[in-house]
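Let me begin by presenting the structure, written as structure tokens, before commenting on it.
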Amino acid sequence: MKFSLSAVCILTIVLSCNDAKPTKVLDLAGTWQLISGTIIEKGDSVFTDYTSKNRMIKIINKAHFAFLNHDGNNGKDSTAMFSAGGGRYELKGDQYTEYLDYCSDRTWEGNTFLFTVAIRNDTLTQTGMETIEATKVNRMNIEKYVRVQK
């Protein structure tokens, strides 16, 4: 009996000395409004403020995402545009992978995009490469979203 109690104590001490920090699970579920985006392609950087001209939201649930994007002038001038897409996603730590199953621009459908995500307060930052061989797109995309309150 004495040996068993000693073994349990030693095992407890050894396990409590583990330096591994628990992985924080990011809470992506909800509706997010895009506030800014930066595209870096061939050494050029283009910043877009999405709070005035366009409006885009991304909706994320436990297994799927969808995005809706349109111009801010109700389609009444030369800036008229609408795009949408969605599909499945996986989240492993801060690695967020989108599988674009549906897209209004069909050349983007069927592609996979790997992003690193971070949440600070109510802001989601998503950073990753977008590569579409069919359209020769190969660029870094950095997007900042704010969580839409209920």
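Structure values in brief
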{"item": "Residue count for region 128-145, restricted to those that are β-branched (V, I, T) and either within 16 Å of F65 (Cβ to Cβ) or crowded, with 16+ Cβ neighbours inside 10 Å (or both)", "result": "3"}
{"item": "Odd one out for K53 among (1) modelled with pLDDT under 90; (2) over 24 Å from R139 (Cβ atoms)", "result": "(2)"}
{"item": "Elements of type strands (runs of 3 or more DSSP E) in region 73-142, at least 3 residues being basic (K, R) and more than 21 Å from N54 (Cβ to Cβ)", "result": "none"}
{"item": "Residue satisfying condition, being surrounded by 13 or more Cβ atoms within 10 Å (Cβ to Cβ) and on the phi > 0 side of the Ramachandran plot, within set G87, G93", "result": "G87"}
{"item": "Qualifying residue in region 55-68 (condition: in contact with a helix residue (DSSP H, G or I) (Cβ under 7 Å, 6 or more places away or on another chain) and surrounded by 13 or more Cβ atoms within 10 Å (Cβ to Cβ))", "result": "no"}
{"item": "Residues (acidic (D, E) and at pLDDT 95 or above) located in region 82-108", "result": "E90, D94, E98, D101"}
{"item": "Subset of region 72-96 (residues that are more than 15 Å from V137 (Cβ to Cβ) and touching a Phe, Trp or Tyr at 6+ places or on another chain (Cβ under 6 Å))", "result": "G86, G87, R88, Y89, Y96"}
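The values are calculated or read from the model by the stated rules, or taken from the named source; none is laboratory data. Keep in mind that what you see is a predicted model, and the values were worked out from it rather than measured. Heads up, the Cβs are rebuilt from the backbone with ideal geometry, glycines too, and the neighbour counts pull from every protein chain shown.
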